[in-house]
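Below: the structure, in structure tokens.
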Amino acid sequence: DGGITQSPKYLFRKEGQNVTLSCEQNLNHDAMYWYRQDPGQGLRLIYYSQIVNDFQKGDIAEGYSVSREKKESFPLTVTSAQKNPTAFYLCASSPQGMGNYGYTFGSGTRLTVV
Amino acid sequence: DQQVKQNSPSLSVQEGRISILNCDYTNSMFDYFLWYKKYPAEGPTFLISISSIKDKNEDGRFTVFLNKSAKHLSLHIVPSQPGDSAVYFCAASATQTGANNLFFGTGTRLTVIP
């Protein structure tokens, strides 16, 4: 059963610590994306990757880093430089050309800084 | 600059009546539009889409209308059901540019009152 898996569902981080959010897909999609959702702000693009070993900054990349060593995986690291990291993080994937259904989203990770 | 706008943050509708969710866009290169539905603490799921060569697309209780001259699209849900209560995101893409990116609106929270 194909899909996109984000883990963990809930994550707590102390101030000053880096933390990595996992995103894995078995849909054979080329492109992967990370979004952040804050109340009343919709979905804001952090980073995206169209192919392995290549990624681009989105609208709010500061304080985040990513890697794309495998087609299936696109982990997001929230660094201590991110000033307000508490948010709901969504990973998505799509085939090249997006297909008819746009993106397939994971179920999200809620990150809370304590 | 928000290229896709959903100016109504919330909408309440009685069960059985019609729900109309609106979306405006500014980029004339957008040629593919999608609606996603999102429940709390879950990822958005694809609902319905429309290409710019059409002005209407229907799928069961859901119909999307596109007015290219006004750069406006709307999602009609009829009859509305309590299970339709969710946040609805409008998204747009300029597929002919070769770009894979979706631009999202800020969402409209629909509440269907039993």
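The values are calculated or read from the model by the stated rules, or taken from the named source; none is laboratory data. The structure displayed is predicted, hence computed values, not measured ones. FYI the Cβ positions are ideal-geometry reconstructions off the backbone, even for glycines, and counts take in every protein chain you see.
Of the strands (runs of 3 or more DSSP E) lying entirely inside chain A, those containing at least 2 residues that are within 10 Å of chain B (Cβ to nearest Cβ) and crowded, with 16+ Cβ neighbours inside 10 Å are A:4-7, A:31-37, A:43-51, A:87-94.
Results for (1) within 14 Å of chain A (Cβ to nearest Cβ); (2) at pLDDT 95 or above; (3) out of contact with any Asp or Glu (no Cβ under 8 Å at 6 or more places or on another chain); (4) within 22 Å of B:D1 (Cβ to Cβ), shown as yes or no for each residue.
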residue: B:K68; (1), (2), (3), (4): no, yes, no, yes
residue: B:H72; (1), (2), (3), (4): no, yes, no, yes
residue: B:I77; (1), (2), (3), (4): no, yes, no, no
residue: B:A86; (1), (2), (3), (4): yes, yes, yes, no
residue: B:Q96; (1), (2), (3), (4): yes, no, no, yes
residue: B:N101; (1), (2), (3), (4): yes, no, yes, yes
residue: B:G105; (1), (2), (3), (4): yes, no, yes, yes
residue: B:L110; (1), (2), (3), (4): no, yes, no, no
residue: B:I113; (1), (2), (3), (4): no, yes, no, no
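The sole residue among B:E42, B:E58, B:E15 that is among the acidic types (D, E), out of contact with any Lys or Arg (no Cβ under 6 Å at 6 or more places or on another chain) and closer than 23 Å to A:W34 by Cβ is B:E42. Residue check: B:S49 meets all listed conditions (1) of a type in the set (G, A, S); (2) under 13 Å from the mean Cα position of the chain (by Cα); (3) more than 24 Å from A:A31 (Cβ to Cβ) but one, namely (3). Taking the criterion of being closer than 18 Å to B:K37 by Cβ and in a strand (DSSP E or B), the residues of region B:53-85 that qualify are B:N57, B:E58, B:D59, B:F62, B:T63, B:V64, B:F65, B:L73, B:S74, B:L75, B:H76, B:I77. For B:S74, the stated conditions do not hold, so it cannot be described as over 22 Å from A:Y103 (Cα atoms) and either in contact (Cβ under 8 Å) with a residue 40 or more places away in the chain or of a type in the set (D, E, K, R) (or both).
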